[in-house]
């Protein structure tokens, strides 16, 4: 096989490759999918869609859930209902995937990337707050970037590999500056922050059920929120914005983003085993901890104790940087993970520093 062929979709992995995650279909998946086939309910209508939405909402404590065709679609719709505007900016953590930046551009907004912190590899909240307070200004009832003049409307914390972002300071900032907080929890179903499940900490949140996630429907996503109006608008937009169930009357630009009943049937079966999957992930993490912790210079990125409890977390280890010029507080070097990823995501182009987790937003100026 040529070098280019090795990179093509569907190409066989290298010998010894360790995948990030593989689907486990050991519950009622066969029975539920067969029920869809036997009854003929195989498209976007069917009882399993509503059951899947309810099971995800119940698992994280949200009031409403809207199933979508994938996680990117969920994020796109979340931006439309919570933070749209063609001259706006939204923040997100830089990532190996472009889907978050793509979704932001779908709505005509512009992403601002906030670097990752070295302990958990999540968005560096200290740098995010620094950007808000020093590089933005409040005027005309909104927060604006001093350099570009664009309005800032949303923050998208991305809970990477099962670990929550330190959200309390961000929630304070969003409240102060009237920003939407949109959680990208696509990799962290089951994780908790200060006793609350991720996905239930912002205005709206998104999950993904791709084949490499904790639970899978082959492909699929979910938007969750406590806001009934946001949920109603999201459901309207994901079903092509139809105003009449029979006539082709549309009151807005809509999208064909609904999940199929077959995929939802898989999701219902998977959610029945969510606790078992989380326990298995933690058990595997312990195996990696014991195997890699004995190597000199290795350091575990992210701890599973304290207020930021991971769900189906992926154990992430970093080796000591080979360059003496790399700051000691930065992971640097190369990461050692279950998928043997490339460079550590927390390497910074500027001075790496430990995030100020205990920092609080300065009081709103009076007078």
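The values are calculated or read from the model by the stated rules, or taken from the named source; none is laboratory data. Predicted model only: the values in this text are computed from it and were never measured. Here the Cβ positions follow ideal geometry from the backbone for every residue, glycine too, while neighbour counts run over all protein chains shown.
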Spans of strands (runs of 3 or more DSSP E) in segment 89-195 with at least 3 residues within 18 Å of the chain's Cα centre (by Cα): 110-113, 151-156, 180-184
Can you name the residue in segment 106-123 that is touching a residue at least 60 places away in the same chain (Cβ under 8 Å) and out of contact with any helix residue (DSSP H, G or I) (no Cβ under 9 Å at 6 or more places or on another chain) and is also nearest to residue 188 (Cα to Cα) among such residues? 119
How many of the residues making up segment 214-229 are surrounded by fewer than 22 Cβ atoms within 10 Å (Cβ to Cβ) and at pLDDT 95 or above? 4
So residue 211, is it under 17 Å from the mean Cα position of the chain (by Cα), surrounded by fewer than 18 Cβ atoms within 10 Å (Cβ to Cβ), touching a residue at least 60 places away in the same chain (Cβ under 8 Å) and part of a loop (DSSP other than H, G, I, E, B): yes
Of all the helices (runs of 4 or more DSSP H) wholly in segment 1-84, which have at least 3 residues that are surrounded by fewer than 17 Cβ atoms within 10 Å (Cβ to Cβ) and modelled with pLDDT under 95? 3-6
